[in-house]
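Before any comments, here is the structure.
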Amino acid sequence: MSDSTLAAPVPRRTAPLSHRLLDVAERSWPAVLILVALIAGWEWACAALGIKPYILPAPSAILTAALNDVPGLARNSGITAWEATAGFVIGSALGALLGTAFAYSRFLARGFLPFIIAANTIPVVAIAPIIIIWFGHGIGSKIAVTAFLSFFPLALNMMKGLQSYDRTVADVFHIAAASPLQTFFKMRLPSALPYVFVGLKLNVTFSVIGAIVAEFVQADRGLGFVIMTTYRTMAMPKLWAAMLLSALMGILFFLVVAMLERIFVPWHASMSTDP
Amino acid sequence: MAEALSAEVRDLSLVYRGRGRDVIALSEVSLGIAQGEFVSLIGPSGCGKSTLLRVLGDLLTPTQGTVSIKGRTPRAERLDRRIGFVFQEAALLEWRSVLDNIALPLELRGASRRDREARARALIELVGLTGFEAAWPRQLSGGMRQRAAIARALSTEPDLLLLDEPFGALDQITRDRLNMELARIHEVTGVSVVLVTHSIREAVLLSDRIVVMTPRPGRIERILDDPLPRPRSLGTRLLPAYEDLVRAGSRELEKGYANV
């Protein structure tokens, strides 16, 4: 008898959809309960304690303000979402390319990394006006600010990921006479993916922040623009609506990246230890 | 050796150039391995047994001496995928199924999907992993992972199978089983095998010849013939000749440990 016959049967790679949905429901109901209680308590406190609307508008007032300008908020959310997405993709792609170069060239890594890390410490609010001068008043400059933010986390994680392959697996590829290109695509890049997704998850939330900060500096549309104009006119319920929409956008983007991680890195150990 | 030689090592020396002083890992080692022969390399740490194996697999380049496998250089053999190598860790790709891991060398060689899957399925049967084709590596036990690594090493039908303490991290019962699997695979495929091991019992159980090595500098102390009847089984260990060989091997080994 061989030891393989003693092992447990292999579990299915993916559970059926209905099971997974049930699983999601089971894990998320405490959070939903807390959210509902929070909104109810907030609504009640605003009325019972007489909190002034410009300090803390009631959820119903925020909802009313949002419903009064659905097309406007939708259009401006769409613009910010576009800026954030385009900047995220461009910045991440450039970061991945540079991280790859660093992983393969010690000279480039040692030469550029100190400056990259120094540039990474520049606050985005300080660099945004300069980038807007360079890239003009349109959407391009907002994309550039977002790309600037997305660039560094991915460059560093890509480099670290590409260097983190198993040395014995590298010997296996050497014995099998793999070409450098085969070694990159079949070993080093897959080994790097868990790190890449750490970088992408950082970037995706930064990207909404980057787009809105850029809009604060100069813009005539976007959620950042809505927040600045409602702030000047003290239209607080609508400001709250725009703020909540930007938070929702960040969460949605994060979930998209988390979903991509499940598709591309299903083998990774952290996948099976979700709370 | 009347039969054709599978591999030949002549006056091989390998020096690791360190800071300040050099370390002589191998000093003037000569060894011939016959076609289909099972040779074990044994000795204390630092005796150069793994270094010798890595030279045969073209993972290290010797400082002096010649190595030939089937009359060619290890590099030529490796580039033709005529060498199989199994390491102490299975070193499977965690993002590939067992089947795709075993088919990896064929995939790198450019074999069609149909050919490499057919070959991988045959190997899965040979190493006793039937039913685990679609499993992820992390779902396998340590012994099963090594079975997959052996299947992968055999996928390109190598001239020479090199094993670097492949069962060192396994428990005794799993190790016994895999020893028997290895003996059977050797009988069935007729591949020439070089096994690096720390266990004289494992070496005696499996080998045609046992090469006892000593450290500082790494060299061959003695080569013992192992004429125990084939096919080998766990019952081989009950033969008086088995115990005699284990004793003889241990005595030779102790010479190496004396100056550790």
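Between a first residue in the stretch B:166-184 that is open to solvent by 30 Å² or more (accessible area, probe 1.4 Å) and a second residue that is modelled with pLDDT under 90, which pairs have beta carbons less than 7 Å apart while being 6 or more apart in sequence or on different chains? Close Cβ pairs satisfying both conditions: B:R177/A:S2; B:R177/A:D3; B:M180/B:L234.
Of everything listed in (1) open to solvent by less than 60 Å² (accessible area, probe 1.4 Å); (2) at pLDDT 95 or above; (3) more than 25 Å from A:V256 (Cβ to Cβ), the single unmet condition for A:F107 is (1). Taking the listed residues A:L162, A:L189, the one that is under 29 Å from B:P74 (Cβ atoms), under 24 Å from the mean Cα position of the chain (by Cα) and within 11 Å of another protein chain (Cβ to nearest Cβ) is A:L189, with no other qualifying. If the condition is being over 13 Å from B:L31 (Cα atoms), open to solvent by 10 Å² or more (accessible area, probe 1.4 Å) and in a strand (DSSP E or B), then the stretch B:185-227 contributes only B:D225.
Within the stretch B:151-170, which residues are under 20 Å from B:A7 (Cα atoms), among the aliphatic types (A, V, I, L, M) and more than 9 Å from every other protein chain (Cβ to nearest Cβ)? Of everything in the stretch B:151-170, those that are under 20 Å from B:A7 (Cα atoms), among the aliphatic types (A, V, I, L, M) and more than 9 Å from every other protein chain (Cβ to nearest Cβ) turn out to be B:L154, B:L160, B:L161, B:L163.
Which of the helices (runs of 4 or more DSSP H) contained wholly in the stretch B:78-145 include at least 3 residues that are facing chain A (nearest Cβ under 8 Å)? Those helices (runs of 4 or more DSSP H) span B:104-109. In the set (1) at pLDDT 95 or above; (2) under 25 Å from B:G235 (Cα atoms); (3) open to solvent by 10 Å² or more (accessible area, probe 1.4 Å), B:I150 fails one condition alone, (3). Just name the residue that is nearest to the other protein chains (Cβ to nearest Cβ) out of those in the stretch A:203-225 that are of a type in the set (A, V, I, L, M), buried (at least 19 other Cβ atoms within 10 Å of the Cβ) and within 22 Å of A:F254 (Cβ to Cβ). Here the residue is A:V204. From the set of residues in the stretch A:209-268 that are over 30 Å from A:I130 (Cα atoms) and either touching a strand residue (DSSP E or B) at 6+ places or on another chain (Cβ under 6 Å) or of a type in the set (F, W, Y) (or both), which is modelled with the lowest pLDDT? Restricting to residues being over 30 Å from A:I130 (Cα atoms) and either touching a strand residue (DSSP E or B) at 6+ places or on another chain (Cβ under 6 Å) or of a type in the set (F, W, Y) (or both), the top hit is A:W267.
Answer yes or no: is there a residue in the stretch A:230-246 that is under 25 Å from B:L106 (Cα atoms), among the small types (G, A, S), in contact with a helix residue (DSSP H, G or I) (Cβ under 9 Å, 6 or more places away or on another chain) and touching a residue at least 24 places away in the same chain (Cβ under 8 Å). Among the residues of the stretch A:230-246, not one is under 25 Å from B:L106 (Cα atoms), among the small types (G, A, S), in contact with a helix residue (DSSP H, G or I) (Cβ under 9 Å, 6 or more places away or on another chain) and touching a residue at least 24 places away in the same chain (Cβ under 8 Å), which makes the answer no.
The values are calculated or read from the model by the stated rules, or taken from the named source; none is laboratory data. Note that the structure is predicted; figures quoted are calculated from it, not measured. Glycine also receives a Cβ, built like all others from the backbone with ideal geometry; neighbour counts cover every protein chain displayed. In case anyone asks, the SASA skips ligands and DNA or RNA and just uses the protein heavy atoms, side chains included. Shrake-Rupley method; radii C 1.70, N 1.55, O 1.52, S 1.80 Å.
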